[in-house]
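Let me begin by presenting the structure, written as structure tokens, before commenting on it.
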Amino acid sequence: METLKHFLDILIHPIGLLGLLGQVLFFSRFLVQWITSEKKGKSVVPVSFWYLSLGGGGLLLFYAIWRKDPVIILGQAVGLFVYVRNLMLIHRHKNPASPAS
């Protein structure tokens, strides 16, 4: 019963709700990827996957900092670099007139 109370105490706090929203965004990226892959009949990673990763990861990083949880902080901070880099590569590829191509 104490665990449930602790769980609910975190969720009623605005930062707790922000963390929960981050988790929902982060999880939804898998649903988006799965649905897109099913429609295409092959495994694909849509651009929205990376935006959901970035949004969810950013909110979870903010939440982890609030909780002072070094494990989640490290995991989400490193992940954010990967998400940003993938979006940079996607947008660079879509814009062939960029100086980097």
Legend entry - Whole-number D in µm² s⁻¹ for the range 13-94, Kirkwood Cα-pair radius fed into Stokes-Einstein, 4 °C, 1.567 mPa s: 97 µm²/s
Inset, instruction - Give me the net charge of Val44's neighbourhood, meaning all other residues with Cβ under 14 Å from the Cβ of Val44; Lys, Arg count +1, Asp, Glu -1. - result: +3
Inset, instruction - Using the heavy atoms of the protein chains and a 1.4 angstrom probe, tell me the accessible area per residue for the chain in square angstrom. - result: 71 Å²
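Could you size up the charge dipole of the chain around its Cα centre, putting +1 on the beta carbon of Lys and Arg and -1 on that of Asp and Glu, and report it in debye to the nearest 20?
Using only the charged Cβ atoms, the result is roughly 480 debye.
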Inset, instruction - Please determine, in degrees from 0 to 90 and to the nearest 10, the orientation of helix 14-40 with respect to the longest principal axis defined by the Cα atoms of the chain, where the helix direction is its Cα long axis. - result: 40 degrees
Inset, instruction - Measure off, as a whole percent, the carbon and sulfur share of the 1.4 Å-probe accessible area of the chain, all protein chains present. - result: 73 percent
Legend entry - Local electrostatic count, Asn86, Cβ distance below 14 Å [Lys/Arg +1, Asp/Glu -1]: +4
Legend entry - In nm, spacing of pseudo-spin labels at Val78 and Val47 (7 Å Cα→C-beta vector): 2.9 nm
Inset, instruction - Calculate the spin-label point distance for Lys39 paired with Phe7, positioning each point 7 Å from the Cα along the beta-carbon direction, and give it in nanometres. - result: 3.4 nm
Inset, instruction - Starting from the Cα of Lys39, draw a straight line to each of the lysines and keep only those under 26 Å, dropping any in the same chain fewer than 8 residues away. - result: Lys94
Legend entry - Reachable lysines from Lys5, criterion Cα separation under 21 angstrom, eight or more residues apart if same chain: Lys68
Legend entry - Estimated [θ] at 222 nm from DSSP helical runs (n ≥ 4, -39500 (n - 2.57)) normalised by residues in the chain, nearest 500: -29000 deg cm²/dmol
Legend entry - Selected from Tyr83, Val45, Gly22, residue furthest toward positive end of dipole (the chain; charges at beta carbon): Val45
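The values are calculated or read from the model by the stated rules, or taken from the named source; none is laboratory data. Bear in mind the structure is a predicted one, so any value in this text is a computation, not a measurement. Heads up, the Cβs are rebuilt from the backbone with ideal geometry, glycines too, and the neighbour counts pull from every protein chain shown. Please note that ligands, DNA and RNA were not included when accessible areas were found on the heavy atoms of the full protein model with its side chains. Shrake-Rupley method; radii C 1.70, N 1.55, O 1.52, S 1.80 Å.
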